[in-house]
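Reading through the structure tokens given below for one structure.
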Amino acid sequence: MEIDGDVYYWVFYEKISEELFIIKLQKSAIYKRLKKMCDCDILKKKTVSCGGNYSYFALGENYQELIKSQKYIKTKSPKKNNTEPDKNTTSENDTLDDLDHDY
């Protein structure tokens, strides 16, 4: 749903609890964790009342900071493989490169 120019997604706490049963979190625990992310501006929350109350979440201002990663470059030497961070290339679109392992 689009609200105030941002795209929000409906979150059904009970369904998350069912789907992620292995982590054994109840509806209230999931709510509290999402609320903490809202408090940190990682997520934004809107409650929509339309035949009931529904929680909608969008990405907050600090979401990009959370998912930023440093790009790693693989270098080979005759003795072993070294993985070192490239300090000159970081951006919000970078991801970790797939590393080869010799087994």
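The values are calculated or read from the model by the stated rules, or taken from the named source; none is laboratory data. The structure displayed is predicted, hence computed values, not measured ones. We place every Cβ from the backbone using ideal geometry, glycine too, and count neighbours over all the protein chains shown.
Counting the residues of the range 1-37 that are of a type in the set (A, V, I, L, M) and either in contact (Cβ under 8 Å) with a residue 24 or more places away in the chain or within 16 Å of residue 60 (Cβ to Cβ) (or both) gives 6. Scanning the range 42-63 for residues that are surrounded by 14 or more Cβ atoms within 10 Å (Cβ to Cβ), part of a loop (DSSP other than H, G, I, E, B) and out of contact with any Phe, Trp or Tyr (no Cβ under 7 Å at 6 or more places or on another chain) turns up just one, 60.
Residues that are in contact with a strand residue (DSSP E or B) (Cβ under 6 Å, 6 or more places away or on another chain) and modelled with pLDDT under 90 are absent from the range 31-46 altogether.
Before we move on, is residue 25 crowded, with 16+ Cβ neighbours inside 10 Å, within 19 Å of the chain's Cα centre (by Cα), modelled with pLDDT of 90 or more and of a type outside the set (Lys, Arg)? Before you say what the answer is, go through the steps one by one.
On the way: crowded, with 16+ Cβ neighbours inside 10 Å: yes; within 19 Å of the chain's Cα centre (by Cα): yes; modelled with pLDDT of 90 or more: no; of a type outside the set (Lys, Arg): yes.
Taking the combined requirement at face value, the residue does not satisfy it.
For beta carbons closer than 6 Å, sequence separation of 6+ or different chains, a first residue in the range 41-70 that is under 18 Å from residue 5 (Cα atoms) and a second that is part of a loop (DSSP other than H, G, I, E, B) and polar (S, T, N, Q), the qualifying pairs are 41/62; 42/62.
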